[in-house]
Amino acid sequence: MKERLSIPEGLKGGVHFHTSAAHHLAMHRHEELELNLVTRGTGAYLLDNRKYVLRPRTLVWLFEGQNHLLLEQSPEFQMWIGVFSRQLLEECCTTEATQVLLKSNPPGAFCKPIPASDCAALDRFCSITFPPRPEPELYNAALGYLLMAAWSAYTRADLVLETSNVHPAVERAARLLRDRPELDDVDALAAEAGLSPSHLSRLFHRQIGEGLVEFRNRQRLERFLSIYGGGQRRTMLSAALKAGFGSYAQFHRVFRRSFGYSPGEHRRRMTAFDRPAP
């Protein structure tokens, strides 16, 4: 469903603070580029063919052509939401490094944690800058600054993550599970990574923030969403098996735990979303 956002006349976007108590939208998209900065709690986004996991300091970019649905919000979940009009994007995104923000649905994932100092600075800026009854000139200037500052923090995050203290065995295990999510044998995974199973499990959880099984299941779910798409070309069973799940029962259990509803309900939602409006 393409949503028309209610942006006051004279403004080139908007910023507001979202909590888990807010009204939950159905899967939707809109013309404006959207930014989300998570400050507390956990949640997830379902996009057309992938899932974004949201944790504190996660910065997400949602583009015009991307249908998205916010899920799995913990009770304490909070984030800033910013939306930016096409006019503002064209005024601000004038360098090669920012051209991607003008695209409708660029390839790749646009979701990752940013440094704590950048997150705190953006949180503070949003808290003191965006009043409920703004003066258009000041508000639009602040929107432009937020857009550029957030993108700068997002692109710098690559450098921080590359130099973070992650054990080489943990990195190898994460890459193996990402590339081969059908792997079930922790002993074999640990042997390829170069550590004992118990040591790898403890170290992986401490440095990645989730266990080996949880990480593997998330990779499988993301692969399933990409393979299944809208359900026109594959059954859920064939997509689940191709994604690495050993059985439909295993897939059903993991899917329900992650999304909070059954695969059958997901199929109904996707069918309803794809059905043309009368």
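The values are calculated or read from the model by the stated rules, or taken from the named source; none is laboratory data. Just so it is clear, the model here is predicted, and its values are computed rather than measured. Glycine also receives a Cβ, built like all others from the backbone with ideal geometry; neighbour counts cover every protein chain displayed.
Please name all residue pairs, on different chains or six or more residues apart, with Cβ atoms under 7 Å, provided the first residue is in the stretch 215-231 and is assigned by TED's automatic domain parsing to the domain that holds Leu183 and among the basic types (Lys, Arg) and the second residue is part of a helix (DSSP H, G or I) and surrounded by fewer than 19 Cβ atoms within 10 Å (Cβ to Cβ).
Close Cβ pairs (under 7 Å, with a partner that is part of a helix (DSSP H, G or I) and surrounded by fewer than 19 Cβ atoms within 10 Å (Cβ to Cβ)) do not exist here.
Output the qualifying pairs, or none if there are none: Cβ atoms under 6 angstrom, residues six or more apart or on different chains, first residue in the stretch 245-258 and in the same structural domain as Val213 (by TED's automatic domain parsing) and more than 15 Å from Phe215 (Cα to Cα), second residue small (Gly, Ala, Ser) and not in a helix (DSSP H, G or I).
As it stands, the answer is Arg256/Ser262, since those pairs meet every condition given.
Would you check if Arg172 is modelled with pLDDT of 85 or more, in a helix (DSSP H, G or I) and surrounded by fewer than 16 Cβ atoms within 10 Å (Cβ to Cβ)?
no
Which condition number in (1) closer than 23 Å to Phe255 by Cβ; (2) assigned to a strand (DSSP E or B); (3) aliphatic (A, V, I, L, M) is the one that Leu37 fails?
Evaluating Leu37 over (1) closer than 23 Å to Phe255 by Cβ; (2) assigned to a strand (DSSP E or B); (3) aliphatic (A, V, I, L, M) leaves (1) as the failure.
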